[in-house]
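Worksheet: the structure to be examined is printed underneath.
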Amino acid sequence: MAKNVMRVAVLAMPQQLIIVLLLLLYMWALLHATAAAGGQRAGCSSKCGDVDIPFPFGIGVDCAWPRFDVVCNQSFTPPRPYTGEIEIIDISLEKGEMRFYSLVLQDYCNNSPNTTESSGIYSNFNATDTPFLFAEERNEFTAIGCGTIGLLWGKDDGSYLTGCITSCASLDAAAHDGEPCTGLGCCQVPSIPPNLNVLNLDWGNPSLVPNYAWNLGAPCSYAFVADKGWYNFRREDFGHAGSKRFVNRDGHKRVPTVLDWAIREYGSCSGSVAPACVSDHSHCNNSNNGEGYICKCSEGYDGNPYLKGNGGCIDIDECHLRTKSSIYGQLYPCYNGSRCQNTDGGYKCICRFPHRGDGTGKGCKPIIPLRIVATLATVCAMVALLGLAWFIRCEHKAWEQRGFFESNGGQLLKDMGVTTFTQEQLDTITNKKRTKIGKGTFGEVYKGLHDDQEVAVKYSTAKSSIRRGKYEFVKEMAFRKSISSNGDGTLGQKASVNEIIVQSQMRHDNVVRLIGCCMETEVPMLVFEFIPNGSLETVLHGPDLWALSLPERLDIAIGSAAALAYMHSLGLQSIIHGDVKPANILLGKDLVPKVSDFGSSKLGLATKEVCADKNYIDPVCMKTNIVTQKSDVYSFGIVLIELITRKKAKYDGRNVQSDFVNCHTDNNARREMYDQDMLHTDAHSLQPDQCIECLDTMAAIAVRCLKDDVDERPTMAEVLEELKQLRASNELMV
């Protein structure tokens, strides 16, 4: 009866009030969207499959608060998170709730009016010594059947017992589809008591309420505790299959149920003592269900209150949100004549000149009467027209630079801590491109000086051939923004931006360090540390050949392999170089190798874009147009062959990779391809037999890297380990 009254009351609401309520609900959902995902400790996984796992929950050692451990079952696709034996659906930091799949007491089917056959499924749940309790207001007990006594009992001592009775003389006598569960075919207990950690479902004696419709389409009964409002009655639910809304996760029917969780081992909030609430701008709230507390971000902040630093509670930028949706404009109002200014934990509306007052309260009022304002506006307009031409001429370049800065993601890179330069600063650093030191796939490189440190500045050579006015520029900016999410754009532009993103994430002794970039041009310009000895390409094949001993070559191979193994080892953020070749391996002091030129690099395990030197590209990659980590392994194998033979990938119209692989099994033919100068150098203490043995091992590694079957190729980590063992076994110390 109460539910029918509520339904009538809702229908009687004015349409405008219903719209307002829906808007408020939508604003709340948007405001807390990021909080739902929460955050996780550094080095810990924040997701299992499609489910966010925010701290204090965690997967793995030292990733969870005590008793909040989660196991990610990888045997499913996608993986499923479990705590104990229950599967997690989702976790809410804001509410202190967790939904899980609970068992349905099922298949209690009649074969006569008062006799039954049961599947033997028994539903019980025991959350003793866990942080969980059943959510009293979020769950409801439901029983379905035409002659059913559904029982719900629990607590540690079994002192809690309730239930409901449902009956119907025939299928037609049951409630209609979608009607409330009032006892005709289904019944409900609308809430359960607080502080309940043990819950069991059972049936009463079927003979007390006979099922006279057992052979008229209603043979079965079901009982479950589910999220309130989740279940809607349908007559077809009496069948052996049960409700279509039941979820089959493990061969059994299950429903979503809500648990309250809290930090319970320290009791409730005691003054300001709450060990779990470690984030700045967080506070402790006593649990509404049982002892314990949950942590919440203070008003004006959002994030994970259980974490310190950036993952914790951070300021909500109300002014930025206002620009995203008109709904936020209603939630955080700033009246006409004012501008929004974000503050720590809030915002304020500052009246623009010539207004005064409070933009968040009664609004802004003009300082000067409108009549005088009109006169002043006329005078100002005349002055503005006189200076408009000069202003447009001076402003156009700066405006265009700002457009490129924004469209190239300049602000994002600044937020990532990447140093940004202006065009004028780069011209000063390179003394207006005075010393050219190289040319790459996407630009020219000039030597410069920044903060008394020699640097290399990479200027892009990809420029538009059309001189554009402001109107054309606006259209292009709009177009570039519209395609940015699809990854389109000029190849040079994408390579430069990608190179910045990739290198800004890497910190390794064998990777060229990115110092900064200029984002004010159509294609960004990059500033790197200066590497004095040029590239391995120049050292091996340049006009002035360097005398390289075997230990030096082995160290170059080890350093280059270390850089690539590091790039491949970054988990979900692993990096594929995509263009490994001697020209992209620079040699620093003491011939320390540094991998460079990440214009073709990609984040992830594979990418559908090939843009690299064709002499070093994996043939499998050429067929499939997919670059993987094993593509880098293949290219490194060719570099390794060049190190031990000193022959270019293409020499005398021949392919060094094919020649070397074809003669690899013939010791004499293979050894004739080795660089003979290296075998007679006095720069190392190896005997000739040791030197040949070492080269044979390096050759074997290179041939494995060049296998046609990518699964037979080693990983870069395996290559690195084998090269290190080779150096250790021969005690090659340069």
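Between 268, 279, the distinction of being among the polar types (S, T, N, Q), surrounded by 15 or more Cβ atoms within 10 Å (Cβ to Cβ), touching a Ser or Thr at 6+ places or on another chain (Cβ under 8 Å) and not assigned by TED's automatic domain parsing to the domain that holds residue 130 belongs to 268 only.
May I ask you to verify whether residue 391 is surrounded by 14 or more Cβ atoms within 10 Å (Cβ to Cβ), out of contact with any helix residue (DSSP H, G or I) (no Cβ under 7 Å at 6 or more places or on another chain) and of a type in the set (Phe, Trp, Tyr)? No. Number of residues in region 39-63 that are among the hydrophobic types (A, V, I, L, M, F, W, C), surrounded by fewer than 21 Cβ atoms within 10 Å (Cβ to Cβ) and touching a Cys at 6+ places or on another chain (Cβ under 8 Å): the value is 2. Pairing each residue of region 370-397 that is within 30 Å of residue 522 (Cβ to Cβ) with any residue that is part of a helix (DSSP H, G or I), provided the two are 6+ apart or on different chains, yields C-beta distances under 9 Å for 391/384; 392/470; 396/470; 396/473. Applying the set (1) outside any strand (DSSP E or B); (2) more than 18 Å from residue 124 (Cα to Cα); (3) not small (Gly, Ala, Ser) to residue 166 leaves exactly one unmet item: (1). Scanning region 120-175 for residues that are surrounded by 14 or more Cβ atoms within 10 Å (Cβ to Cβ) and among the acidic types (Asp, Glu), we see that the one that is modelled with the highest pLDDT is 140. Of the residues that make up region 314-328, is at least one within 21 Å of the chain's Cα centre (by Cα) and at positive phi? Looking for residues that are within 21 Å of the chain's Cα centre (by Cα) and at positive phi, one finds none in region 314-328, hence no.
For region 259-282, the criterion of being modelled with pLDDT of 90 or more, under 30 Å from residue 77 (Cβ atoms), not in a loop (DSSP other than H, G, I, E, B) and not aromatic (Phe, Trp, Tyr) is met by at least one residue. Whether a residue is at pLDDT 50 or above, at negative phi, surrounded by 11 or more Cβ atoms within 10 Å (Cβ to Cβ) and polar (S, T, N, Q) was assessed, and residue 15 does not pass this test. When the criteria are applied in full, residue 467 fails the requirement of being assigned to a loop (DSSP other than H, G, I, E, B), surrounded by fewer than 12 Cβ atoms within 10 Å (Cβ to Cβ) and at pLDDT 50 or above. Report, by residue number, each residue of region 402-456 that is among the β-branched types (Val, Ile, Thr) and under 36 Å from the mean Cα position of the chain (by Cα). Listed by number, the residues that qualify are 418, 419, 420, 422, 441, 445, 455.
Given the structure, is residue 243 among the hydroxyl-bearing types (Ser, Thr, Tyr), at pLDDT below 90 and under 47 Å from the mean Cα position of the chain (by Cα)? It is true that residue 243 is among the hydroxyl-bearing types (Ser, Thr, Tyr), at pLDDT below 90 and under 47 Å from the mean Cα position of the chain (by Cα). Can you tell which of 666, 618, 613 is without any contact (Cβ under 8 Å) to a residue 12 or more places away in the chain and charged (D, E, K, R)? Exactly one of 666, 618, 613 is without any contact (Cβ under 8 Å) to a residue 12 or more places away in the chain and charged (D, E, K, R), namely 666.
All but one of (1) surrounded by fewer than 18 Cβ atoms within 10 Å (Cβ to Cβ); (2) touching a Ser or Thr at 6+ places or on another chain (Cβ under 9 Å); (3) at pLDDT below 90 hold for residue 213, so report the exception by its number. It fails just one condition, (1).
Of all positions in region 301-318, at least one carries a residue that is closer than 23 Å to residue 129 by Cβ and either not hydroxyl-bearing (Ser, Thr, Tyr) or not assigned by TED's automatic domain parsing to the domain that holds residue 197 (or both).
Of all residue pairs spaced 6 or more apart or on separate chains, those with beta-carbon atoms under 8 Å, a first member in region 148-168 that is assigned by TED's automatic domain parsing to the domain that holds residue 212 and a second member that is of a type in the set (Asp, Glu) are 151/202; 153/202. Which residue is farthest from residue 145 (Cα to Cα), if the candidates are limited to region 176-201 and must be small (Gly, Ala, Ser) and surrounded by fewer than 19 Cβ atoms within 10 Å (Cβ to Cβ)? Per the stated criteria, the residue is 191. If you go through region 687-734 and pick out every residue that is of a type in the set (D, E, K, R) and not in a helix (DSSP H, G or I), you end up with 5.
The values are calculated or read from the model by the stated rules, or taken from the named source; none is laboratory data. These figures come from a predicted structure and were not determined experimentally. Every residue, glycine among them, receives a Cβ derived from its backbone with ideal geometry; neighbour counts consider all protein chains shown.
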